[in-house]
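The values are calculated or read from the model by the stated rules, or taken from the named source; none is laboratory data. The model shown is predicted, which means the values in this text are computed figures rather than measured ones. Neighbour counts are summed over all protein chains in view; Cβ atoms, including those assigned to glycine, are modelled from backbone coordinates with ideal geometry.
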Amino acid sequence: MSNKKLIFSATLIVAAIFANAQSGALKKANKFYGVQAYAQAIPYYEKVYKKDSSDKLVLSNLGDCYRLTNNVNGQLKCYGALVKYGKAEAVHKLYYGQALMNKGNTSDAMGQFDQYKLDARGENLTQFTKKAKMYAKNADAYKVELEKFNSSQNDFCAVKYNNTVVFSSSRNKTAWINVKHGWTNDNYVNLYTTEKNAKGVELNPKIFMGDLNSKYNDGPICFSKDFNTVFFTRNTSNKKDLSKDGNFKLKILKATLNKNGFDRIAELPFNNKDYNCAHPSVALDGNTMYFSSDMPGGFGGMDIYKSIKGVDGAWNKPENMGPTINTAGNDVFPFIAENGKLYFSSNGWDGMGGLDIYETRIKDGKAGRTYNMGEPVNSTYDDFGVYLNEDSKTGYLSSNRKNGGMDDDVYAFTILRDVKRGKEITIITKDRETAALLPNTKIKINNEEFSTNEKGEYQTVIEEDNTYNLLVEKEDYLKLEDSVTTKTNEADSFTKELILAKDPKLALVALVTDVKTKLPLDGVKINIKELPSNEKFDEYTTTAAGDYKKALTTKKIGDKISYLITLSKDGYVEKKVTFIYDIKQAGDINVNQSLDLALGQVAVGMDLAKLINIKPIYFDLGKSIIRPDAAIELDKIVKVMNDYPNMFIELGAHTDCRGAAGANAKLSSGRAKASAAYIVKKGINALRITGKGYGESKLLNSCACEGKVKPNCSEDEHSKNRRTEFIIVKLGEVKK
């Protein structure tokens, strides 16, 4: 056999050995990955990676292992390679961007976030550059100091218990017990306590209440106000608790305190073996619990939920806190402070990198706007686990910033001053004419009422990316409705001027009288609608004075008003009039100056045409066909006759003197009968209306022109004789 063949054969043998080794390593890696033993999967994935650094599955899974064990450099290596080789899914770009943020590479991170469109996380995280100054502007309001009781392992979520501090830690219980967790290759979490001696020196931490700790994860923990009840997070290894995906989920347990320690440990009713419930925090009154869960129906990842304790002492079905808190990322570690603020951590909102700590105010059980707490509370790494004492100013937080994300530590946390969240706005009220400042002006901002000071100013803080409705009221000024928005204003503070116009004391006045007696009429229902919207303006019933007055508080000089006014009273013919008016001066606006508001009683001999303001009924020259404009007026008669079914009408048509008398009589008779026929066609009994033509026989003035008489009358005078009358001739039973 030639040397070349020997070499070739040897190469094949080595390749086969390598392929088998690589296949075995990948199988082991995938097995550990499948049971969430991420730390144990890493060395096997690394073996495969060294031989093939472009395999998508290996890069994706290895990147996830590094992400879930807080190895930022590993994430950059794997997710970065996926991006480089064009194999990255959208979520890989998101993770890569977050890892870049951890390393302070903001500009490259923004490029990755811009490409993520699956949910709001990409857009939220791109806000970092815009809000960088905002994250730093309240840095002097907080003090964050590393606690001395931290170990080289994970220490986090410290809370006060009487005069001691209780926290979660993965430090070794003893030198000979060292059980590792497959996810992190770290020890399981247990609860520890520490306190200071009489000289203020921190004592070495020790196991807290041994009967609370198990051989698996215990903590974080919270206490009731009297410290007699404790709630904590735990997972077990009982086979009956194995989830559908082959894991043991986190649960929230409750225990009570007796003389020997804590006992009666029990699970809360909303726990479930197929999803996690963790990180409990109980409100001051002990009746509301906030916690994290990835139960179905959330927004993605872990969400913040709350549960209300019923009158029977049982915890009710959890309620998701909604999109003002929860995102498609992880929203975890809630803490409800005594001042009503809820603190939590998230990697789904805008942030500085990793988990950031946020605050929101709980009002009427609902969360307000969420705010990033900024530096130094947050860093480019994971920041979480806020706890505040009763003063709501001192407490603890947790972060893995010290060693570049490799382990968690507890920090003392102090709030040095109140922090105003949002944008500062100064509202100034002024007179329109004089520009004078208006002190003591009432302002409603989304229904919360305030007043300007003696300088006509009011300062407050309003939420970002929001629009507020303003209602401004001051005596002797017109009410003003306005709005203010922070959506388009990038400045941290700005001014809003509200210009008020003097109230011209405008009022709509009217007097309703009786047509016959000319006296004021009581009991008249006045219904007024604004035109053209047809919206209700006012309703009123007259007293014995027959008058009406309504202040026009929203109108000003220069406005044009238009109203449809309906007047009705039992026994009287209803009247509808349209009032149009240009406001040119202050004071009362008298409707009677342009409209007749007299009502006529339904009585024999009355002319309906005068009572309901019927316009002249026109016909084409020499014809008696009902035109559309005439039909509108005749429909008014139909309505009155329907309102008064015992009314009988004579419809009389009259002409002026011009033309032959016989021809005028014939033409008017035809027009009268055509008009009556139209009314009958609209459903009025034919016995109730008759049409009669009078021609020029009943002139209303001296404009006769038969024979040699040639009157010197104007067209207006002749038009008064061309009329249609609707005389009530009878009020009785209708004959069928």
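Tell me, please, whether a residue that is farther than 19 Å from residue 386 by Cβ, among the aliphatic types (A, V, I, L, M) and surrounded by 19 or more Cβ atoms within 10 Å (Cβ to Cβ) can be found in region 252-275.
Yes, there is a match, as at least one residue in region 252-275 is farther than 19 Å from residue 386 by Cβ, among the aliphatic types (A, V, I, L, M) and surrounded by 19 or more Cβ atoms within 10 Å (Cβ to Cβ).
If you scan region 399-410, which residues turn out to be surrounded by fewer than 17 Cβ atoms within 10 Å (Cβ to Cβ) and either part of a strand (DSSP E or B) or out of contact with any strand residue (DSSP E or B) (no Cβ under 7 Å at 6 or more places or on another chain) (or both)?
403, 404, 406 - these are the residues of region 399-410 that are surrounded by fewer than 17 Cβ atoms within 10 Å (Cβ to Cβ) and either part of a strand (DSSP E or B) or out of contact with any strand residue (DSSP E or B) (no Cβ under 7 Å at 6 or more places or on another chain) (or both).
Among the residues of region 254-273, write down those that are closer than 21 Å to residue 319 by Cβ and over 35 Å from the mean Cα position of the chain (by Cα).
254, 267
I want to confirm something. Restricting to region 68-92 and keeping residues that are at pLDDT below 90 and surrounded by 19 or more Cβ atoms within 10 Å (Cβ to Cβ), which single residue is nearest to residue 102 (Cα to Cα)?
The selected residue is 72.
Which members of region 688-701 meet the condition of being surrounded by fewer than 18 Cβ atoms within 10 Å (Cβ to Cβ), touching a strand residue (DSSP E or B) at 6+ places or on another chain (Cβ under 7 Å) and either of a type in the set (Gly, Ala, Ser) or closer than 25 Å to residue 640 by Cα (or both)?
Selection gives 690, 692.
For region 129-151, give me each residue that is over 18 Å from residue 418 (Cβ atoms), crowded, with 16+ Cβ neighbours inside 10 Å and at pLDDT 90 or above.
Listed by number, the residues that qualify are 147, 149, 150.
May I ask you to list the residues in region 453-465 that are on the phi < 0 side of the Ramachandran plot and in contact with a strand residue (DSSP E or B) (Cβ under 7 Å, 6 or more places away or on another chain)?
455, 457, 458, 459, 460, 461, 462, 464
Among the residues of region 172-187, is any among the polar types (S, T, N, Q), surrounded by fewer than 16 Cβ atoms within 10 Å (Cβ to Cβ) and either at pLDDT 90 or above or assigned to a strand (DSSP E or B) (or both)?
Yes.
For the condition in contact (Cβ under 8 Å) with a residue 24 or more places away in the chain and within 23 Å of the chain's Cα centre (by Cα), what is the one hit in 370, 414, 380?
That would be 370, the only listed residue that is in contact (Cβ under 8 Å) with a residue 24 or more places away in the chain and within 23 Å of the chain's Cα centre (by Cα).
Scan region 702-718 for residues that are assigned to a helix (DSSP H, G or I) and surrounded by 13 or more Cβ atoms within 10 Å (Cβ to Cβ) and jot them down.
717, 718 - these are the residues of region 702-718 that are assigned to a helix (DSSP H, G or I) and surrounded by 13 or more Cβ atoms within 10 Å (Cβ to Cβ).
Out of (1) within 23 Å of residue 76 (Cα to Cα); (2) β-branched (Val, Ile, Thr); (3) not in a helix (DSSP H, G or I), the odd one out for residue 91 is which?
It fails just one condition, (3).
Check 424, 464 and return the single one that is surrounded by 13 or more Cβ atoms within 10 Å (Cβ to Cβ), modelled with pLDDT under 85 and part of a strand (DSSP E or B).
424
Can you name the residue in region 433-457 that is among the β-branched types (Val, Ile, Thr) and not in a loop (DSSP other than H, G, I, E, B) and, of all such residues, is farthest from residue 486 (Cα to Cα)?
443
Within region 554-598, how many residues are of a type in the set (Ser, Thr, Tyr) and surrounded by fewer than 13 Cβ atoms within 10 Å (Cβ to Cβ)?
Qualifying residue count for the region: 3.
What's the total number of residues in region 203-229 that are among the hydroxyl-bearing types (Ser, Thr, Tyr), in a loop (DSSP other than H, G, I, E, B) and modelled with pLDDT of 85 or more?
Qualifying residue count for the region: 1.
Identify, from the list 678, 694, the residue that is under 15 Å from residue 631 (Cβ atoms) and not acidic (Asp, Glu).
678
Taking the options 598, 653, 609, name whichever one is more than 60 Å from the chain's Cα centre (by Cα) and of a type in the set (Gly, Ala, Ser).
Answer to the selection: 653.
With the checklist (1) surrounded by 15 or more Cβ atoms within 10 Å (Cβ to Cβ); (2) within 30 Å of residue 137 (Cα to Cα); (3) touching a helix residue (DSSP H, G or I) at 6+ places or on another chain (Cβ under 9 Å) in hand, flag the one item residue 492 doesn't pass.
The number of the failed condition is (1).
Filter region 339-351 down to the residues that are surrounded by 24 or more Cβ atoms within 10 Å (Cβ to Cβ) and among the hydrophobic types (A, V, I, L, M, F, W, C), then identify the one that is farthest from residue 374 (Cα to Cα).
342
Loosely packed, with under 13 Cβ neighbours inside 10 Å, under 23 Å from residue 573 (Cβ atoms) and touching a Lys or Arg at 6+ places or on another chain (Cβ under 9 Å), is that true of residue 685?
Judged against the criteria, residue 685 is not a match.
Kindly indicate whether any position in region 433-440 is of a type outside the set (S, T, N, Q), in contact (Cβ under 8 Å) with a residue 12 or more places away in the chain and over 30 Å from residue 471 (Cα atoms).
No, region 433-440 contains no residue that is of a type outside the set (S, T, N, Q), in contact (Cβ under 8 Å) with a residue 12 or more places away in the chain and over 30 Å from residue 471 (Cα atoms).
Could you tell me whether region 720-732 includes any residue that is over 24 Å from residue 600 (Cβ atoms) and outside the structural domain of residue 576 (by TED's automatic domain parsing)?
no
Can you report the number of residues in region 550-586 which are under 42 Å from the mean Cα position of the chain (by Cα), at pLDDT below 95 and small (Gly, Ala, Ser)?
3
Do you know which residues across region 307-317 are touching a residue at least 24 places away in the same chain (Cβ under 8 Å) and surrounded by fewer than 22 Cβ atoms within 10 Å (Cβ to Cβ)?
314, 315, 317, listed by residue number.
When residues of region 467-481 are filtered for being assigned to a loop (DSSP other than H, G, I, E, B), surrounded by 15 or more Cβ atoms within 10 Å (Cβ to Cβ) and modelled with pLDDT of 90 or more, how many remain?
The number of residues fulfilling the criteria is 1.
Considering region 642-667 alone, what residues qualify as being out of contact with any Ser or Thr (no Cβ under 7 Å at 6 or more places or on another chain), in a loop (DSSP other than H, G, I, E, B) and not hydrophobic (A, V, I, L, M, F, W, C)?
644, 645, 646, 656, 658, 659, listed by residue number.
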